[in-house]
Amino acid sequence: MIASLNFFFHTVGVGLIFAVVTAGWLLNRKLETEQNIAQKLYLAGILRTIGLFSPVASLLLLITGIGNIHFRYLGSTLSWYSEGWLVAKIMSLAVMLVNGTVLGPMLSRNRSALLREMAEHKAPENAESMLNTLGRQILQFNLVQWILLLAILLLSTSGTGKHPALF
């Protein structure tokens with residue numbers, strides 16, 4: 001029963017992470033195409049609010065992931081670090097979390113500050129090129145997050161626990 005609840009909440013955490021990454025990507029694309037600076041600032045605020053869900057989802061994934069590992073190997077002579085797919089999944093999640101914790105907020109803060117300066121007409125003369133550069137960096141950040149998330153999903157669905165011939 002406890003293992004089933006743990007797995008359920010792990011699935012909820014996965015859904016939250018997918019929602020945050022998807023919403024971030026979609027809103028970033030909308031922000032890039034928007035012409036009005038006030039609307040861009042508004043969208044940047046929404047992106048910040050959505051970004052605040054990622055630590056909650058990450059914490060939920062970490063706690064329930066540890067629980068899943070515990071329940072998977074309970075009473076078994078195997079150890080979790082002997083399965084390549086699980087180690088690769090944990091490493092991918094760690095890279096995704098560090099990337100999302102360090103780079104995401106930094107890029108977002110820089111873009112928001114530049115947008116505020118542009119709205120107050122205090123921005124440097126090359127503000128548009130700086131905004132485009134930040135937009136490309138955020139696009140690359142979102143692409144890396146998506147690749148890591150899809151790698152985690154692939155590892156989860158095709159690990160040795162499901163298909164013994166893999167890894």
So if each residue of separation counts as 0.36 nm, and I subtract the Cα-Cα distance between Ile46 and Leu150, what length gain in nm does that give?
35.0 nm
Cα lying deepest toward the dipole's positive end in the range 1-92, options Ser92, Gln39, Ile66, charges on Cβ:
Gln39
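Taking the radius of gyration and the Kirkwood hydrodynamic radius from Cα positions alone, what is the Rg/Rh ratio for the range 2-157, to two decimal places? Mind showing how you got there, number by number?
Values: Rg = 18.8 Å, Rh = 17.2 Å.
For the range 2-157, the value is 1.09.
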Normalised contact order of the chain, rounded percent, pairs of Cα under 8 Å and 6 or more residues apart
30
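In which sequence would Lys122, Lys89, Lys40, Lys30 go, from the one with the fewest C-beta neighbours within 10 Å to the one with the most? Numbers along the way, then the final one.
Values: Lys122 9, Lys89 19, Lys40 22, Lys30 14.
Least to most surrounded, the residues fall as Lys122, Lys30, Lys89, Lys40.
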Roughly how far apart, in whole Å, are the Cα centres of the range 62-77 and the range 99-126?
41
Proxy reagent accessibility, fewest Cβ within 10 Å first, across His70, His10:
His70, His10
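If the only charges are +1 at each Lys and Arg Cβ and -1 at each Asp and Glu Cβ, what is the size of the charge dipole of the range 2-157 around the Cα centre, to the nearest 20 debye?
Numbers: 11 positive and 7 negative charges, 26 e Å.
Computed about the Cα centre, the dipole is about 120 debye.
FYI, it's all coordinate maths here, none of it is from the lab. A quick note: this is a predicted structure, and the numbers were derived from the prediction, not measured. All Cβ positions, even for glycine, are placed from backbone atoms using ideal geometry, and neighbour counts span all protein chains on display.
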